[in-house]
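The values are calculated or read from the model by the stated rules, or taken from the named source; none is laboratory data. These numbers come from a predicted model, not from an experiment. Neighbour counts are summed over all protein chains in view; Cβ atoms, including those assigned to glycine, are modelled from backbone coordinates with ideal geometry. Side chains are part of the model used for accessible areas, which takes the heavy atoms of the whole protein and leaves out ligands, DNA and RNA. Shrake-Rupley method; radii C 1.70, N 1.55, O 1.52, S 1.80 Å.
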Amino acid sequence: MSLERQLVLQNLMRERQTAMQIAWTREFLKYFGTFFGLAAVVLTTGAIKRKNPAVLLQILPLSFVFSYHYDVGYGTLLQRIKDEAENIIDTQSTLLELPKGPLTFEDLEKIRISQNNLFREK
């Protein structure tokens, strides 16, 4: 029963953290979207006045940042990441293996003993 409660609590905490990240991205998008819109207008006006379309190239990196945050906040990026993670777990599980295999109780005891010996020597 206690383990089940811990799992439920862990899941609730993960959901809240994810919700906070999405909310933060949406809030960031409001400010960055305003900046991006103003920058687009100013750079477009400058490109027209100077008759130099190269000025608009500065919008390109900003558009990537804007698109990414929009996709996180309102798009399907998180679902695509989840789908890809599930695919990796299902089809490429060897990528998830730890070097030298999983940590065992014996490994932890060896580390603990060696650290205790290290502190005793000092």
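Cβ-Cβ distance of residue 48 and residue 28, R₀ of 30 Å, FRET efficiency by 1/(1 + (r/R0)^6): the value works out to about 0.50. When only alpha carbons are used to place a centre, segment 90-122 and segment 52-89 end up 38 Å from one another. Excluding same-chain neighbours fewer than eight residues apart, the aspartates and glutamates reachable from residue 82 by a Cα-Cα span under 13 Å are 90. Here segment 10-122 is assigned +1 on the Cβ of each Lys and Arg and -1 on the Cβ of each Asp and Glu. Its dipole about the Cα centre then comes out at about 780 debye. Only helices enter the 222 nm calculation for the chain: every DSSP H run of n ≥ 4 contributes -39,500 (n - 2.57), and dividing by all residues gives -28000 deg cm²/dmol, rounded to 500. What is the local net charge at residue 12, summed over the other residues whose Cβ is closer than 15 Å to its Cβ (Lys, Arg +1; Asp, Glu -1)? With Lys, Arg at +1 and Asp, Glu at -1, the neighbours total +1. In this label model, residue 70 and residue 111 are separated by 4.5 nm, measuring between points 7 Å along each Cα→Cβ vector.
Which value, in nm² and rounded to one decimal, describes the direction-averaged projected area of the C-alpha convex hull of the chain?
Working: hull surface 61.4 nm².
About 15.3 nm², averaged over all directions.
Would you mind telling me which residue in 101, 73, 46 has the biggest mean-square fluctuation in a Gaussian network model of the chain, where springs connect alpha carbons within a distance under 10 angstrom? Evaluated over the chain, the most mobile residue of the options is 101.
Counting only protein heavy atoms, what percent of the accessible surface of the chain is carbon or sulfur at a 1.4 Å probe? If you can, show how the numbers build up before the last one.
Details: 6760 of 10630 Å².
C and S fraction of accessible area: 64 percent.
Computed with a 1.4 Å probe on the full set of protein chains, the accessible area for residue 107 sits at about 50 Å². Of all the options 98, 60, 108, the one that moves most in a Gaussian network model of the chain with Cα springs shorter than 10 angstrom is 108.
Remark: segment 22-122 carries 83 Å² of accessible area per residue (probe radius 1.4 Å; ligands, DNA and RNA excluded).
Radius of gyration over Kirkwood radius for segment 51-122, both on Cα atoms: the Rg/Rh ratio is 1.38.
Report the relative contact order of the chain, percent, no decimals, based on alpha-carbon pairs under 8 angstrom and at least 6 residues apart.
Values: 39 pairs, mean separation 26.9, N = 122.
The value is 22 percent.
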